[in-house]
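Chemist: Have a look at the structure that comes next, please.
The values are calculated or read from the model by the stated rules, or taken from the named source; none is laboratory data. Treat the numbers as computed from the prediction; the structure is a model and nothing was measured. Here the Cβ positions follow ideal geometry from the backbone for every residue, glycine too, while neighbour counts run over all protein chains shown.
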């Protein structure tokens, strides 16, 4: 059974990716990488990752989030994070990645931040 | 009479699945030892990162090499050893993942997380080569005067990249 599931929604040129499961070494990290790369290949560069149902991220998953952030930025876009669980929030805090990512708790606010 | 130490050792293949297996085994031992859910998560994550380090950096994903995992339960601590068959490394050579120039690195946070989540962490040369990661957490109810296992790292580090 896959450790991570991803579904995408699009509103007004902004793509929301709803993720659920684990972003960890193996298929979880690989799916996140493929999802972001596929969106970029389709020219979608305003991306919000909804992590509300992601209950676990390891260092490989953190690396993949950073990789996605950089890849989107290199295409002139932005990748933002939505609905962090406490564990993911704490991980981003201790690794200082809160200073890197735009993080939101409200979907509409995350959408408006692209205006 | 000396207190009994419980000891469990397994040899793992250099394979992604070994990472999950090691994590699950150590979490089960931690649960049985009385650690709460948060502490089990931190122990599991630390073991996971240790085995990822052995799998990726130590053994360089070579299937003929093995990863040796040992768990000790003493009266005071749960101690975990992760030994690889690589070239070994020194903690002082590990870059700081919190340094501004490393924040956007896509790797290099595993050792930092182990230090953050466990009460004790160190790296020794393996007796027959490789690196042996040793990490420990005090058992629940014994206090933790030097603990940094509350999710905030008192020092920094990153997974080693052997030359």
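Chemist: Of the numbered conditions (1) outside any helix (DSSP H, G or I); (2) under 19 Å from residue A:101 (Cβ atoms), residue B:113 satisfies every one except a single condition; which is it?
Modeler: The number of the failed condition is (1).
Chemist: Continuing with this model, one more query. I'd like the full set of residues that are touching a residue at least 60 places away in the same chain (Cβ under 8 Å) and either more than 7 Å from chain A (Cβ to nearest Cβ) or in contact with a strand residue (DSSP E or B) (Cβ under 8 Å, 6 or more places away or on another chain) (or both), limited to segment B:91-120.
Modeler: Within segment B:91-120, B:91, B:93, B:94, B:95, B:96, B:111, B:114, B:117, B:118 qualify.
Chemist: Looking at residue A:87, is it within 10 Å of another protein chain (Cβ to nearest Cβ), surrounded by fewer than 18 Cβ atoms within 10 Å (Cβ to Cβ) and touching a strand residue (DSSP E or B) at 6+ places or on another chain (Cβ under 9 Å)?
Modeler: yes
Chemist: Residues that are without any contact (Cβ under 8 Å) to a residue 12 or more places away in the chain, under 30 Å from residue B:22 (Cβ atoms) and outside any strand (DSSP E or B): does segment A:12-28 have at least one?
Modeler: Step one: filter segment A:12-28 for residues without any contact (Cβ under 8 Å) to a residue 12 or more places away in the chain, giving none.
No: segment A:12-28 contains no residue that is without any contact (Cβ under 8 Å) to a residue 12 or more places away in the chain, under 30 Å from residue B:22 (Cβ atoms) and outside any strand (DSSP E or B).
Chemist: Another one. Using the structure shown, decide if residue A:69 is at pLDDT below 95, in a helix (DSSP H, G or I) and surrounded by 15 or more Cβ atoms within 10 Å (Cβ to Cβ).
Modeler: Details: at pLDDT below 95: no; in a helix (DSSP H, G or I): yes; surrounded by 15 or more Cβ atoms within 10 Å (Cβ to Cβ): yes.
Criteria not met by residue A:69.
Chemist: Also: Report yes if residue A:56 is buried (at least 16 other Cβ atoms within 10 Å of the Cβ) and over 26 Å from residue B:100 (Cβ atoms), otherwise no.
Modeler: yes
Chemist: So residue B:158 passes all but one of these: (1) modelled with pLDDT under 95; (2) more than 15 Å from the chain's Cα centre (by Cα); (3) within 30 Å of residue B:36 (Cβ to Cβ). Which condition number does it fail?
Modeler: All conditions are met except number (2).
Chemist: Now, a different point. Of the residues in segment B:44-64, how many are in contact with a helix residue (DSSP H, G or I) (Cβ under 8 Å, 6 or more places away or on another chain) and away from chain A (no Cβ under 13 Å)?
Modeler: 0
Chemist: A follow-up question, please. Surrounded by fewer than 16 Cβ atoms within 10 Å (Cβ to Cβ) and either closer than 30 Å to residue B:112 by Cα or touching a residue at least 12 places away in the same chain (Cβ under 8 Å) (or both): does that describe residue A:102?
Modeler: Against the criterion (surrounded by fewer than 16 Cβ atoms within 10 Å (Cβ to Cβ) and either closer than 30 Å to residue B:112 by Cα or touching a residue at least 12 places away in the same chain (Cβ under 8 Å) (or both)), residue A:102 qualifies.
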